[in-house]
Each structure stands twice: as structure tokens, then as C-alpha cells.
Amino acid sequence: MTDRPTILLIAPTFYDVSYSINPWMDPAAWARDPRGMHRQARASFDALHAALTAAGFAVEVAEGAPGQPDMVFPANAAVVLDGKAVLARFRYPQRRGEEAPFAAIFEALRARGLLDSVTTLREGCYQEGAGDCIWDAQRGHFWAGFGPRSSREAADAMAAQFGQEVVALELATEQSYHLDVCFCPLAGGEVLYYPPAFSAAALRLLHARVPAALRIEATEEDLRHFSVNAVNLDDQVVMTRTTAHLRGELGRRGYRLHEVDLSPYMLSGGGAYCMTLRLDRTSTPARRAVAA
Ligand code: ARG
């Protein structure tokens, strides 16, 4: 595996919005101008690539597959920790066709030494990758979302796969269909989250583990901007064009924002975090490489 902060992107060659499996998806808006939308999607992708590079990441780009438009969201393809990738099992048939091409992508990353192993999850549960299973480097455990997409049992399967604690949080709305839409742990120990997305039991778990001073409550506007769906590296945060509220909150706490116009991807219900997958996460606190 790699010691450098490394992040995977999937090129938007085959991206479009042609079906709807979450309430944000708008195939009609895409269909009004598919060529124009595709051009914008490419420009947004390039801007995201540049912002991630500026934030300090080594960026790996892999190709998607025809007929699988949502492959641009590799956060859903696997959970990666300590060099091990556990491949996702998608809930909806529209995305199940991604499993084989993603398996090939992860196998190629392993062959190049960027991963140590690639494993599949036992059958009988759904698990949609790092979008629903987020490593909290400050607390040293996973947070897993379940309900709309991943199954409750997937949290236990992940605990067994990685030998790490997994705190399962029930998602109470279709609007926050993946945990990464409404929840983002930050390097300073803060957690940015949208309270109405969670069941009462999930909120109790979250509040028990994250003291009030470290909780940053997102507003509905922040959620609609897909700004909770952010990529964080130390004090750098890469996100969609955000709100005055979050600019203030995060700026005050010392974070530097890289804002990118990701509107073509928001039409599919995605922001910056879901368009990426960290490959270098370790369970030991920040194993930072000597500058290459
Ligand atoms: N259209 C995709 C879906 O509904 C968007 C996925 C965004 N990914 C995420 N981790 N939130 O599955």
C-alpha cells in the first residue's frame, strides 16, 4: 500500500443522469441538454482533480464502464483501510453492474502495489462502500450508515473484516440515503453533521461520542449544497460551492476551503466526498510519509 495521501477518482466518460434511485436525481434536467451537461461534468471533474491536488493528494484516475453512469462515485465501491479493500454490494440493480468493473479496478491497484488485498463481502447484506462506512481517524473507529442503502448487518460484517469497532447509525430519511451526505468527521476531531438525517437512537450514539464543542450542525441549506459531503486532509477541505454558514464555521476553526462547482454531480445526488475514495487510510494514527 501507499504512505502518501492517495485518492481515487473515476473519469466521467460514461457519466449521465438517466435513472433515479435517490430523491436528488433529476434525469429530466440532464435530458434537456445532455451534451452541454456532459461538457460541464468534465469541467467539474477537472476542477475537482485540481482542488484535490492543491489540497495535497496524489490523485489516481481510473476509467468507468459504459452503461454504469454512477461509477463516478467510487466512494460507494469499497471500504479501504490498512491496504485492504472490501468490495461493495449495491442495493439497486441500476448500480450492481458496477461491481465487476470496480473489482477489476481494485485488482489493478493491488497489482501496482497501491493496495495489499481485495476482498468480497459475504452475501446476504448490502454495503455501499465508504459512502456508508466512514473511518474516523481521530476516534479510531468506523461510523456506518444503514437503512436506505446499506444493511444493518453490514456494520458487523465490516467490524469482522477489519477487526475495528464500527458504530452503526440509522439514517432516517431518503434524502440522506448515504451516511456521507449528512456526516463528515474532520481532522481536528469535529464532526460536521445534519441532525434531522438520523434516527433518535443514532443521534444519541453520536452525541455520546462527540462532545458538543466538536459538533458542527449543518443546516438544510448546507445539505442541499452537498457541502457535508466533503473531503478533508489535515486543515484542507475540498467541497462543493458552499454556504456562508459553513464558510464561517469551518473558517473559524482553521480549515481552508477549496470550493468546486459540482452541480452536474449534485443532479445525481453526489458531492465531493462521494466522487473520491481514499486508498491510504490506516488504523494507526496518521502515518504521514516523508515528502516524496
Ligand atoms: N446516483 C448515485 C446513487 O444514488 C449517487 C451516489 C453518491 N454517493 C454517495 N456516497 N453519496 O447511488
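Summary table below
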item: Any hit, segment 222-240, residues being touching a Pro at 6+ places or on another chain (Cβ under 8 Å), closer than 29 Å to Q40 by Cα and in contact (Cβ under 8 Å) with a residue 60 or more places away in the chain; result: yes
item: Test: R247 is of a type outside the set (A, V, I, L, M), free of Cβ contacts under 8 Å to residues at least 24 places away in the same chain, in a helix (DSSP H, G or I) and within 30 Å of A29 (Cβ to Cβ); result: yes
item: Residue count, segment 168-208 (criterion: part of a loop (DSSP other than H, G, I, E, B), touching a strand residue (DSSP E or B) at 6+ places or on another chain (Cβ under 7 Å) and more than 20 Å from G269 (Cα to Cα)); result: 4
item: Matching residues, segment 166-196, being away from the ligand (no atom under 16 Å from the Cβ), closer than 23 Å to V79 by Cβ and open to solvent by less than 50 Å² (accessible area, probe 1.4 Å); result: V166, V167, A168, L186, A187, G189, E190, V191
item: Residues satisfying the stated conditions in segment 258-278, i.e. within 13 Å of the ligand (Cβ to nearest atom), open to solvent by 40 Å² or more (accessible area, probe 1.4 Å) and more than 21 Å from D235 (Cα to Cα); result: M266
item: Near pairs, Cβ below 6 angstrom, 6+ apart or cross-chain, from segment 118-133 (more than 16 Å from G163 (Cα to Cα) and open to solvent by 10 Å² or more (accessible area, probe 1.4 Å)) to any residue that is among the hydroxyl-bearing types (S, T, Y) and more than 8 Å from the ligand (Cβ to nearest atom); result: Y126/S150; Y126/S151
item: Residue list for segment 209-244, restricted to those being of a type in the set (A, V, I, L, M, F, W, C), over 19 Å from the mean Cα position of the chain (by Cα) and not in a helix (DSSP H, G or I); result: V210
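Rundown of residues vs (1) of a type outside the set (A, V, I, L, M); (2) at pLDDT below 95; (3) under 21 Å from R112 (Cα atoms); (4) in contact with a Cys (Cβ under 8 Å, 6 or more places away or on another chain), yes/no style:
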site	(1), (2), (3), (4)
T6	yes, no, yes, no
P12	yes, no, no, no
P23	yes, no, no, no
R35	yes, no, no, no
A78	no, no, yes, no
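Conditions (1) farther than 25 Å from Y19 by Cα; (2) modelled with pLDDT of 95 or more; (3) within 16 Å of the ligand (Cβ to nearest atom), marked per residue:
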residue	(1), (2), (3)
F198	yes, yes, yes
R209	yes, yes, no
L223	no, yes, yes
R253	yes, yes, no
D280	yes, yes, no
R288	yes, no, no
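The values are calculated or read from the model by the stated rules, or taken from the named source; none is laboratory data. Please read these numbers as outputs of a predicted model, since none were measured by experiment. Cβ atoms come from the backbone with ideal geometry, glycine included; neighbour counts cover every protein chain shown. Heads up: the accessible areas ignore ligands, DNA and RNA and are worked out on the full protein's heavy atoms, side chains in. Shrake-Rupley method; radii C 1.70, N 1.55, O 1.52, S 1.80 Å.
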